[in-house]
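Written below as structure tokens is the structure these notes are about.
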Amino acid sequence: MKANTRYTNCFISLVTAGLLATSVSQAATVPGSIFDFTADATENVFSGTSKGWRDPAFGDMGWTHSSDWGTFSAQEGQTVTIKMVAADAGIHPGVTVWFRGDEDTAPDEYVVDHFYPQNADFVKVGVADESTGAELGNIVMRHVAHAYDQDGNPKRILDMHPKKDAVPGQLVLKFKAKNTGKYIFVVGGFNPGAGVDNTINHDTAVTVTVTSP
């Protein structure tokens, strides 16, 4: 009887651990802020760390809470221009844009995890609020575009889409919207220059314009 009880308790513990692991893996997080860009609100100052967009210390992933976030709406065929100008030229901005379509059923203020891929979809099915456990639906963020500032930045990683415009600390990303609906994007630093304080947040002025062909 004691042996059976021991094995039963062990089985229950394993099941419980599995359920907890499943719960944690399906948790969704809320970034500190997400600014909604519109035709009447095209400018905002983002704040993030100098390595928020890509950090070798975290497997070259982006930090959700060390980057800053924005959303905008666009119609198929419209041209979207996102311009970033860091207050410190040693902050090399990186940006990733995703589309949140009909398959994305969770509220737009949630994202999948505390880390994000810069050049891939960001998807999790059946998510819950990491604090309350409230069920939210599905987060389906389809990758659209990404790039980073390479002016004055010795890191040249082709699949991260380095861009030069002869202005260190500035990055302009332009693309044509393939879908009508809501887009979300993230901005953070990558490979900061010498003398940049990596322990604090740095400001980056962000402008988003959506124009018809």
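Rounded to the nearest 0.05, what FRET efficiency do Glu109 and Lys174 have when you use their Cβ-Cβ distance and R0 = 22 Å? Rounded to the nearest 0.05, the efficiency is 0.25. Packing around the peptides 96-102, 152-158, 58-64, taken as the average count of other Cβ atoms within 10 Å per residue, puts them in this order, highest first: 96-102, 58-64, 152-158. What distance in nm separates the simple spin-label points at Asn138 and Ala87, each placed 7 Å from Cα in the Cβ direction? It works out to 4.1 nm between the two label points. Summarising the amide proton neighbourhood of Asp36: residues at separation of 5 or more, or on other chains, whose placed amide H is nearer than 5 Å comprise Thr71. Here the average projected area of the convex hull drawn through the C-alpha atoms of segment 40-125 stands at 7.0 nm².
Simple point charges give the picture: +1 on the Cβ of Lys and Arg, -1 on the Cβ of Asp and Glu, and for the chain a dipole about the Cα centre of about 680 debye.
Can you pull the semi-axes for segment 120-213, root of five times each eigenvalue of the Cα gyration tensor, sorted largest first, whole Å?
29, 20, 13
Rounded to 0.05, the FRET efficiency of the Ser131 and Ile200 pair, given R0 = 45 Å and the Cβ-Cβ distance, is 0.95.
Centroid-to-centroid, using Cα positions, segment 47-81 and segment 137-201 are 6 Å apart. Cross-link pairs exceeding 20 Å in C-alpha to C-alpha distance, out of Lys124/Lys174; Lys83/Lys174; Lys124/Lys176; Lys83/Lys163, comprise Lys124/Lys174; Lys124/Lys176. Dividing the convex hull volume of the alpha-carbon atoms in segment 143-193 by its residue count gives 87 Å³ per residue.
Quick check on the chain: helices-only [θ] at 222 nm, where DSSP H runs of length 4 and up contribute -39,500 (n - 2.57) each and the sum goes over total residues. Nearest 500, please.
The per-residue figure over the chain is -4000 deg cm²/dmol.
If you plug the beta carbon distance of Leu158 and Thr79 into 1/(1 + (r/R0)^6) with R0 = 22 Å, you get a FRET efficiency near 0.35. Taking the Cα atoms of segment 88-162, the ratio Rg/Rh between the radius of gyration and the Kirkwood radius comes to 1.09. Both radii were evaluated on the Cα set of segment 40-184; the Rg over Rh quotient, with Rh as the Kirkwood radius, amounts to 0.96. What is the spin-label model distance, in nm, from Phe58 to Val30 if the labels are put 7 Å beyond Cα along the C-beta direction? So the label points at Phe58 and Val30 sit 1.9 nm apart. With a cut-off of 12 Å, note down the residues of segment 193-213 whose backbone N falls inside the zone around a label point 7 Å from the Cα of Val45 toward its beta carbon. Of the residues in segment 193-213, 202-206 have backbone N under 12 Å from the label point off Val45.
Bear in mind these aren't lab numbers, they're just calculated from the coordinates by the rules spelled out. What you are looking at is a predicted structure, and each value in this text was computed from that prediction instead of being measured. Note: ideal-geometry Cβ built from the backbone for every residue, glycine included; neighbour counts use all protein chains shown.
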